[in-house]
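Worksheet: the structure to be examined is printed underneath.
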Amino acid sequence: MPNNPVLARFGQHAVPEQVAEEMARQGWDQPLYVQLGRFLQGLLRGELGDSFFYPESVAEGLRRTFPATVELTLAAIALAVPLGIVAGISAAVWRNRTPDYLCMTVSLLGVSVPVFFLGLCLLYVFPQMPPSWRLPPGTVFDRATEFIAVESLLRGRGDVLGASLAHLCLPALALSTIPMAYIARITRSSMLEILSADFVRTARAKGNPPWRVVLRHAFPNAALPVVNIGGLQFGQLLSGAVLTESVFNWPGLGRYIVQAVQHSDYNAVQGGTLLVATVFVATNLAVDALFAFLDPRVRLGEATHG
């Protein structure tokens, strides 16, 4: 963002006195350490400054847009995790056969195809689906939060819930392709290693049905890497589904930051980036804690090295 935000707001013909006054009002004429101190003081009070572009403060803007990104991310993960696990297990069980080739080809395409291109393809293939926003124009729904799907479900508004899920379908499908592909490949790799273990052969020798050997004995032991990659993918999606939100005009955090960058809105970009970084760090910490809880070897390793 090399532009002067004051000039971006008032135009290139702004008089120097006007620019100087705004710079002083925002505190941008102060040394960097003074600006940093003021920013940290405001952060402790929950204040992130005023937005140049949006008709609200940065904190209010984040509160308005972040729930939309959370709902979109949860919908994408709800698609990616089960489909990725089923694809990975199928590829491992039928290794070097048609299901394996099919699943790996689809997962390779999922990783390789850009999200914005896939989103445009989905809009072209499914023109009857709602292309943007979270509810149809004119929908009357007096909500207390921006979690529209959750709140409509709790209130028993089936019409609003159905409309909200219909608007979620295409963006969530586009956003889920990359985590689905990663989860499928990790599940396949982990399952191949576990299926050749001695305890799995013992379970087969005892006469257990194949489905029970796979689901009861093999998959629980192969699920730890899946939990790890699923948690990391969730953090990455939650911290900025920028392209997906831009293609589908989804009013979330990613679109908020993109528009702020286009209008040199420093405060909005700064606040949005800080929220993204916080979410990413918190998600990674939660995944590490969950991984240590599920795998006792991690805790034993820490005790041994300590």
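The label-point distance for Val113 and Thr273, in a model that sets each label 7 Å from Cα toward Cβ, rounds to 3.3 nm. Looking at the stretch 125-198, none of the GluC sites (Glu not before Pro) sits in a DSSP loop with at most 11 other Cβ atoms within 10 Å of its own Cβ.
Rolling a 1.4 Å probe over the protein heavy atoms gives the stretch 88-217 an accessible area of 59 Å² per residue.
Each of Ser264, Ser90 has its accessible area taken with a 1.4 Å probe; listed largest first, they run Ser90, Ser264. Estimated purely from DSSP H runs of n ≥ 4, each contributing -39500 (n - 2.57), the mean residue ellipticity at 222 nm for the chain is -24000 deg cm²/dmol once divided by its residues. When Rg and the Kirkwood radius Rh are both evaluated on Cα atoms of the stretch 153-306, their ratio Rg/Rh stands at 1.11. Projecting the Cα atoms of Thr273, Gly207, Thr283 onto the charge dipole of the stretch 202-297 (Cβ charges, centred on the Cα centre) puts Gly207 farthest toward the positive pole. For the stretch 232-292, the fraction of C-alpha pairs more than 14 angstrom apart is 58%.
Across the stretch 140-150, rounded Karplus estimates of 3J(HN,Hα) from the backbone phi angles (6.51 cos²θ - 1.76 cosθ + 1.60, θ = phi - 60°) give 9, 8, 7, 9, 8, 10, 9, 7, 5, 4, 5 Hz, Gly and Pro being marked x.
Explain nothing, just the number: relative contact order of the stretch 77-182, from Cα pairs under 8 Å at least 6 residues apart, as a whole percent. Taking the mean separation of contacting Cα pairs over the length of the stretch 77-182, I get 44 percent. Between the helical axis of 98-112 and the longest alpha-carbon principal axis of the chain there is an angle of about 10 degrees. Taking chymotrypsin sites (Phe, Trp or Tyr not before Pro) as exposed when DSSP calls them loop and at most 16 other C-beta atoms lie within 10 angstrom, the chain has its longest site-free stretch at 142-306. In the chain, the longest principal axis of the Cα atoms and the axis of helix 158-195 are about 50 degrees apart.
The heavy atoms of Val106 present about 90 square angstrom of accessible area, all protein chains included, probe 1.4 Å.
Quick check: the angle from helix 266-294's long axis to the longest principal axis of the chain, C-alpha only, nearest 10 degrees? It is inclined by approximately 20 degrees. For Leu36, the accessible area of its heavy atoms, probed at 1.4 Å with every protein chain present, is near 100 square angstrom. Restricted to Cα atoms, the stretch 60-203 shows a radius of gyration and a Dmax of 19.0, 62 angstrom. Most mobile of Val242, Val19, Val287 per a Gaussian network model of the chain (Cα springs, under 10 Å)? Judging by the Gaussian network model, the answer is Val19. Residues considered: Asn267, Asn228, Asn208. Largest GNM mean-square fluctuation over the chain, using C-alpha springs under 10 Å, is found at Asn208. Give me the base-10 log of I(q)/I(0) for the chain at each q in 0.09, 0.11, 0.16 Å⁻¹, Debye formula, one uniform scatterer per Cα, rounded to two decimals. For the chain at q = 0.09, 0.11, 0.16 Å⁻¹, log10 I(q)/I(0) is -0.61, -0.85, -1.28. Comparing Val140, Val276, Val70 in a Gaussian network model of the chain where C-alpha atoms under 10 Å apart are linked, the largest mean-square fluctuation is found at Val140.
The values are calculated or read from the model by the stated rules, or taken from the named source; none is laboratory data. Computed from a predicted structure; not experimentally measured. No Cβ is skipped: glycine too gets one built from the backbone with ideal geometry, and neighbour counts run over all protein chains shown. Heads up: the accessible areas ignore ligands, DNA and RNA and are worked out on the full protein's heavy atoms, side chains in. Shrake-Rupley method; radii C 1.70, N 1.55, O 1.52, S 1.80 Å.
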